[in-house]
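Here the structure comes first, spelled out in structure tokens, and everything after it is commentary.
The values are calculated or read from the model by the stated rules, or taken from the named source; none is laboratory data. Since we're looking at a predicted model, the values are computed, not measured. Virtual Cβ from ideal backbone geometry, glycine too; neighbours counted across all protein chains shown. In case anyone asks, the SASA skips ligands and DNA or RNA and just uses the protein heavy atoms, side chains included. Shrake-Rupley method; radii C 1.70, N 1.55, O 1.52, S 1.80 Å.
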Amino acid sequence: NAGVTQTPKFRILKIGQSMTLQCTQDMNHNYMYWYRQDPGMGLKLIYYSVGAGITDKGEVPNGYNVSRSTTEDFPLRLELAAPSQTSVYFCASSTRDRGNQPQHFGDGTRLSIL
Amino acid sequence: AQTVTQSQPEMSVQEAETVTLSCTYDTSESDYYLFWYKQPPSRQMILVIRQEAYKQQNATENRFSVNFQKAAKSFSLKISDSQLGDAAMYFCAYSLGIIQGAQKLVFGQGTRLTINP
């Protein structure tokens, strides 16, 4: 059981470049999330999705876009990379429940913008 | 907005001893959930323990237990018989108990736990 898979694991971008962080899960979870973790800090929610075709903003959505065309995939797009977006990005998923089910996290993508 | 505060940036404990990590949160809601996640150097986020706010009984998972004080909005984690593998960053997290809603976690800043052999 692969769980939540993120690609790539590392990436260096130049300012102004664009890229898509990929996330896929094989647990048939309805809910998926994107977080960013800045050095020495906790995770902050960027975007989330409650199902295919439904997405919504989290705490720090500026500079990012998401889409959810299938239950399994939830890509995160950076359109114009900025140094402030240097961070570790985590994708997570959880079942549809009242909120007490644990989120399953991917291994993260370390992104550096130079 | 809900906030989660971990006032101990770093803690250390001798192997086999007991350590308690502190967490306080701010919310006006009555129905919510609290979690402790562990992040070892491998960067994985691993659920340690969870607590439903409507339950008075403190959650336990083997060597891990919590002290949930709802009125004080406090949620501390106790690790008994500390092991070298417990060394990690520990994050306290909060989410609302929304029926059929997404679990939007709010994390604290973390506590780095070192285990001394």
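Brief remarks on what is shown
- Looking only at region B:22-67, and only at residues there that are in a loop (DSSP other than H, G, I, E, B) and of a type in the set (Gly, Ala, Ser), the one that is most open to solvent (accessible area, probe 1.4 Å): B:SER28
- Scope region B:9-21; condition closer than 28 Å to A:GLN101 by Cβ and open to solvent by 20 Å² or more (accessible area, probe 1.4 Å); matching residues: B:THR20
Here's the yes/no breakdown for (1) farther than 24 Å from B:SER28 by Cβ; (2) not acidic (Asp, Glu):
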{"position": "B:ARG50", "(1), (2)": "no, yes"}
{"position": "B:GLN56", "(1), (2)": "no, yes"}
{"position": "B:THR60", "(1), (2)": "yes, yes"}
{"position": "B:ALA71", "(1), (2)": "no, yes"}
{"position": "B:SER76", "(1), (2)": "no, yes"}
{"position": "B:ASP81", "(1), (2)": "yes, no"}
{"position": "B:GLY85", "(1), (2)": "yes, yes"}
{"position": "B:TYR90", "(1), (2)": "yes, yes"}
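- For region B:80-117, filtered to residues that are over 24 Å from A:ALA92 (Cα atoms) and open to solvent by 10 Å² or more (accessible area, probe 1.4 Å), the residue that is modelled with the lowest pLDDT is B:PRO117.
- Condition met for B:GLN103 (at the interface with another protein chain (Cβ under 7 Å from one of its Cβ atoms), touching a residue at least 40 places away in the same chain (Cβ under 8 Å), farther than 15 Å from B:GLN51 by Cβ and not in a strand (DSSP E or B)): no
- Spans of strands (runs of 3 or more DSSP E) in region A:1-74 with at least 2 residues open to solvent by 40 Å² or more (accessible area, probe 1.4 Å) and modelled with pLDDT of 95 or more: A:4-7, A:10-13, A:19-25
- Looking at B:GLN6, B:GLN2, just one residue is at negative phi and at pLDDT below 95, and that residue is B:GLN2.
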